[in-house]
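Structure first, commentary second.
The values are calculated or read from the model by the stated rules, or taken from the named source; none is laboratory data. Worth saying up front: this structure is predicted, and the values here are computed from it rather than measured. Note that each Cβ is placed from the backbone with ideal geometry, even for glycine, and that neighbours are counted across all protein chains shown.
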Amino acid sequence: MSTNERMHQWWSLTYAAWLTMPRVMIQEMPDDWQERMAILCEEWDAKWNNMPDMGTRVQITGPSGKLVKTPNWIINYRYTDRKMLDSLVGPVETHQVRDPCPKCGAQLKDASGGGVKCPKCPYWFCF
């Protein structure tokens, strides 16, 4: 799978035009992840160093899609609401990156009943 395809899959079927990540959550990621993210942000800045003079604004919406007040736990990165952030962490297996198929290079997918399978060839592996 090409990098371009992988990014398209990451966006999934959303119509989102921006990537926004709360600073408070970024700063709770492991140090090695933060280092990689900082390098990517620096690469971004170097590539797009002639951006027009404009700003952005994030607005928070509730389940109905209506604007709501931004919760304090997401704004206040200096005083982390540990209980709230801990409640947002998913199971470890949702954070795993799958290796490509050893036969054809396609991104492996979860197989029903466990293991992984290739969507393009007959490769299948059970843990």
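Tabulated data for the structure shown
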{"quantity": "Tabulated pairs, the stretch 58-83, first modelled with pLDDT of 90 or more, second small (G, A, S), C-beta under 6 angstrom, 6+ apart or interchain", "calculated": "V68/G62"}
{"quantity": "Residues satisfying the stated conditions in the stretch 84-120, i.e. modelled with pLDDT of 85 or more, farther than 18 Å from E5 by Cα, more than 17 Å from the chain's Cα centre (by Cα) and surrounded by 13 or more Cβ atoms within 10 Å (Cβ to Cβ)", "calculated": "M84"}
{"quantity": "Test result for W44, part of a helix (DSSP H, G or I) and either surrounded by 10 or more Cβ atoms within 10 Å (Cβ to Cβ) or outside the structural domain of R82 (by TED's automatic domain parsing) (or both)", "calculated": "yes"}
{"quantity": "Of the criteria (1) at pLDDT 90 or above; (2) under 26 Å from K109 (Cα atoms); (3) not β-branched (V, I, T), which one Q27 fails", "calculated": "(2)"}
{"quantity": "Near pairs, Cβ below 9 angstrom, 6+ apart or cross-chain, from the stretch 29-47 (among the basic types (K, R)) to any residue that is exposed (fewer than 10 other Cβ atoms within 10 Å of the Cβ) and in a helix (DSSP H, G or I)", "calculated": "none"}
